[in-house]
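J.: Input: one structure, supplied below.
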Amino acid sequence: MKVCTNNLYIVSTPIGNLEDITLRALEVLKKSDIILCEDTRHSIKLLNHYEIKKKLIPYHKFNEKKQMISILKYFNDGKILSLISDAGTPLLSDPGRLLINECLNKDIKITPIPGVSSITTAMSISGFNDQFLFYGFLPKTFNKLEKVLNSLSINNFTQVFFIPAKKINFYLKSFKKYFSGRKILIAKEITKMHETFLRESIDEIKPMTNDFKGELTVIISEQSKTAKIFDEKKIVNKAKKYLKNYSLKDTVKMISEIEKVNKKKIYDICLKIKNEENN
């Protein structure tokens, strides 16, 4: 294939198994003068595996702006540049957007070299509806997370997230609140020796006890047709009304029988209201 100057190649690389790379991707990397990568220590393993010796330049979220002048100079000097991420398809929750937009402004051609993505890989074996939304990394703080999930929970599509393995239980707790009635797929170490796919219903999944490392691809299924959407505002109004005349236990029982939604979530709302009234 012809690899051209004044062209930025966005090259997809393996997400684990080094054999998962296209012939076209290898050809582009071999003909590139410079390869921009997140972590040179990580990318050199792939290049050494295929005996590719090229100049690697760190390009990550902490130096995107700083590297821009140098990168544009490389284009002006007629160099062939490729951008890769640590794993998978670049720019999907990875750095590169600033560079893409700068290339568009400078009339520098951008060519995608497609390949592996943990998003589509996990989706392909999920069994969930293939109309899906990819969100990426969720907020790290509780209040911001609650706001985002409250918005996403009213959406009926399958939803895909990236989650740091060590934080999985933090997110599972909120998933139970906002995605009750749905199923979950947790994919870890995709394409690697210890590849694992954990499947469970949101309501029944237990906290993870395994010492997971790295990042997990987590998929929440579409809303079940038989499941009822949790209307928190409606539940709050009913709870305030019933708690005036009934006990906490009876209030939770009556609302759950009428609304047919997650009983634990109803209990948490009723308990919060009762505590606020007693203070």
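J.: Could you list, in sequence order, all residues of segment 20-34 that are part of a helix (DSSP H, G or I) and surrounded by 20 or more Cβ atoms within 10 Å (Cβ to Cβ)? Steps first, please.
T.: The first filter runs over segment 20-34 and keeps only residues part of a helix (DSSP H, G or I), leaving 23-31.
Scanning segment 20-34 gives 25, 28, 29.
J.: Condition test on residue 10, is it buried (at least 20 other Cβ atoms within 10 Å of the Cβ) and either part of a helix (DSSP H, G or I) or not small (Gly, Ala, Ser) (or both)? Show your work before the answer.
T.: Values: buried (at least 20 other Cβ atoms within 10 Å of the Cβ): yes; either part of a helix (DSSP H, G or I) or not small (Gly, Ala, Ser) (or both): yes.
Yes.
J.: State which residue is nearest to the chain's Cα centre (by Cα) when the search covers only segment 55-78 and only residues that are part of a loop (DSSP other than H, G, I, E, B) and buried (at least 16 other Cβ atoms within 10 Å of the Cβ).
T.: So, considering only residues that are part of a loop (DSSP other than H, G, I, E, B) and buried (at least 16 other Cβ atoms within 10 Å of the Cβ), the one nearest to the chain's Cα centre (by Cα) is 60.
J.: Does segment 117-140 hold any residues that are loosely packed, with under 13 Cβ neighbours inside 10 Å and either within 9 Å of the chain's Cα centre (by Cα) or within 10 Å of residue 217 (Cβ to Cβ) (or both), and which are they?
T.: Within segment 117-140, 136, 137 meet the criteria.
J.: Also: Please verify whether residue 102 is in a helix (DSSP H, G or I), of a type in the set (Asp, Glu) and not assigned by TED's automatic domain parsing to the domain that holds residue 13, treating the condition exactly as stated. Can you show your working first?
T.: Working: in a helix (DSSP H, G or I): yes; of a type in the set (Asp, Glu): yes; not assigned by TED's automatic domain parsing to the domain that holds residue 13: no.
So residue 102 does not fit the description; no.
J.: Right, next: If we scan segment 259-267, do we find a residue that is more than 23 Å from residue 137 (Cβ to Cβ), assigned to a loop (DSSP other than H, G, I, E, B) and among the polar types (S, T, N, Q)?
T.: Initially, segment 259-267 is screened for residues more than 23 Å from residue 137 (Cβ to Cβ), giving 259-267.
Now restrict to residues that are assigned to a loop (DSSP other than H, G, I, E, B): 260-262.
In the following step, the residues that additionally are among the polar types (S, T, N, Q) were identified as 262.
Yes; the residues of segment 259-267 include at least one that is more than 23 Å from residue 137 (Cβ to Cβ), assigned to a loop (DSSP other than H, G, I, E, B) and among the polar types (S, T, N, Q).
J.: Please go through segment 35-53 and pick out each residue that is in contact (Cβ under 8 Å) with a residue 40 or more places away in the chain and either of a type in the set (S, T, N, Q) or exposed (fewer than 12 other Cβ atoms within 10 Å of the Cβ) (or both). Give the steps one after another, and end with the answer.
T.: In the first step, residues of segment 35-53 are kept if they are in contact (Cβ under 8 Å) with a residue 40 or more places away in the chain; the result is 35-39, 42-43.
Scanning segment 35-53 gives a single hit, 43.
J.: Checking the conditions here, which among 190, 110 is at pLDDT 95 or above and crowded, with 19+ Cβ neighbours inside 10 Å? Break it down into steps so the answer makes sense when it comes.
T.: Details: 110 fails: crowded, with 19+ Cβ neighbours inside 10 Å.
Being at pLDDT 95 or above and crowded, with 19+ Cβ neighbours inside 10 Å holds for just one of 190, 110, which is 190.
J.: Take the residues of segment 202-248 that are under 25 Å from residue 157 (Cα atoms) and small (Gly, Ala, Ser): which is modelled with the lowest pLDDT?
T.: Across segment 202-248, the extreme among qualifying residues is 227.
J.: Is there a residue in segment 27-36 that is more than 23 Å from residue 100 (Cβ to Cβ), in the same structural domain as residue 84 (by TED's automatic domain parsing), out of contact with any Lys or Arg (no Cβ under 9 Å at 6 or more places or on another chain) and charged (D, E, K, R)?
T.: Looking for residues that are more than 23 Å from residue 100 (Cβ to Cβ), in the same structural domain as residue 84 (by TED's automatic domain parsing), out of contact with any Lys or Arg (no Cβ under 9 Å at 6 or more places or on another chain) and charged (D, E, K, R), one finds none in segment 27-36, hence no.
J.: Return the pairs, sorted by first residue and then second, in which the second residue is not hydroxyl-bearing (Ser, Thr, Tyr), the first residue lies in segment 114-132 and is part of a strand (DSSP E or B), the beta carbons are less than 8 Å apart, and the residues are 6+ apart or on different chains.
T.: Matching pairs, first to second residue: 132/123; 132/157; 132/159; 132/160; 132/219.
J.: Being in a helix (DSSP H, G or I) and in contact with a Ser or Thr (Cβ under 6 Å, 6 or more places away or on another chain) is the filter here; which residues of segment 167-210 pass it?
T.: Step one: of segment 167-210, the residues in a helix (DSSP H, G or I) are 167-178.
Correct list: 178 only.
J.: Can you confirm whether residue 216 is in the same structural domain as residue 128 (by TED's automatic domain parsing) and of a type outside the set (S, T, N, Q)? Please lay out each step first, then the result.
T.: Numbers: in the same structural domain as residue 128 (by TED's automatic domain parsing): yes; of a type outside the set (S, T, N, Q): yes.
It is true that residue 216 is in the same structural domain as residue 128 (by TED's automatic domain parsing) and of a type outside the set (S, T, N, Q).
The values are calculated or read from the model by the stated rules, or taken from the named source; none is laboratory data. These numbers come from a predicted model, not from an experiment. With ideal geometry, Cβ positions are generated from the backbone for all residues, glycine too; neighbour counts draw on all protein chains shown.
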